[in-house]
Ligand SMILES: Nc1ncnc2c1ncn2[C@@H]1O[C@H](COP(=O)(O)OP(=O)(O)O)[C@@H](O)[C@H]1O
Ligand SMILES: [Mg+2]
């Protein structure tokens, strides 16, 4: 039997579809009592990983277990893990209640559980409506209700915020946090950090099927550094003066400014004055998690602009590389991203617009 821990363990997991390495040597652990975000751009391998965890795809390498067991050895898996994957279908002419009763019967829970879970997801008043007439937001809620039927210890949701309006996202956030606070395990995937940032405590960031970061979101936040953008009369002269005074995180920006990490506005101003270099402006840029996420996952597509454009000749520290988590467990010890890459030449993180598919949104039934 399974160990009842509520722990998800992914170890050296890999999946190859013909020539496509969808997932490569992925390892991470998800503990109960918190919400873990599973983040990466589209095509990074999130769905494939979750499908392997749920026993729907056979891994090429490695293992994915819940409570110490692969999904097919969980006994009555719906009692252990509830999941919502992409494109969950509903019989359009079946009411919400009847849909749930069919699933309840299949996993051996009493009929009344259908009404309980409808209440949990705020669909109580829509119990007798046909699922075919539901908005996207309502369908998401119904899918979640289905996942909750077995009162599972572990909840796995693939891109649950897709298509939700802000109110729906807020509702989901509170729901998932409450669920985790009961000591349960919640794993949610997303390609948009900002949609889940306030929901998650732990994060696994993947790109191109590989782990880029694995740890607490707080630690990732703390590891970021702010930087100062300086507009001097003589960029090369300022860079040299700063470097001579031990400030090494100096790099040019495309607009002719100098980006300085690990220093303060005052310190930079003093050194510039000492070197006799006029400064026309300074701007302090605070850490930005979204930028960090973009750095960690960039390069997914061959056509994406890279940060590593050659610096103008003649000055500056070598281009910093984005540190990568080694394959295997955990963030590397002392993992400290080196601040933003020079110049910010890359495209900003894509704020992908969700299609405005529903007007009634998540606001529940009308
Ligand atoms: N059944 C499949 N057959 C072939 N390639 C697949 C299949 N499923 C996923 N892929 C490929 O695997 C990669 C990862 O896909 P996916 O796991 O869906 O990523 P994500 O969920 O992060 O967007 C993509 O390149 C995708 O095209
Ligand atoms: Mg996906």
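Observations on the model:
- In a fully extended conformation the segment linking residue 255 and residue 79 would gain 57.7 nm over its present Cα-Cα distance, using 0.36 nm per residue.
- DSSP bridge orientation in the range 8-221 - percent antiparallel, rounded to nearest 5: 55
- Our estimate of slack between residue 93 and residue 112, defined as 0.36 nm per intervening residue step minus the Cα-Cα distance, is 4.8 nm.
- Sorted fewest first by neighbouring Cβ atoms within 10 angstrom, 197, 159 come out as 197, 159.
- Whether the range 11-90 is rounded, prolate or oblate, judged on the alpha carbon gyration tensor where a/c under 1.5 counts as rounded: rounded
- Relative exposure of 169, 107, judged by other C-beta atoms within 10 Å (fewest first): 107, 169
- Spatial separation of Cα centroids for the range 1-59 and the range 224-266, in angstrom: 41
- Distance from the C-alpha centroid of the range 93-115 to that of the range 145-201: 22 Å, rounded to the whole angstrom.
- FRET efficiency, 1/(1 + (r/R0)^6) with R0 35 Å, evaluated for residue 221 and residue 167 via beta carbons: 0.85
- Full-stretch length increase - residue 194, residue 127 - with 0.36 nm per residue and alpha-carbon distance subtracted: 20.9 nm
- Label zone at residue 58 (point 7 Å along Cα-to-Cβ), backbone N below 19 Å, the range 20-35: 20-25
- Gyration tensor (alpha-carbon) shape descriptor, the range 8-221, a/c threshold 1.5: prolate
- Shown for 213, 179, 280: other C-beta atoms within 10 Å of each C-beta, ranked fewest to most, produce the order 280, 179, 213.
Values in this text are rule-based calculations from the coordinates and carry no lab data. What you see is a predicted model, and the numbers here were worked out from it, not measured in a lab. Note that we place each Cβ from the backbone using ideal geometry, even for glycine, and neighbour counts take in every protein chain shown.
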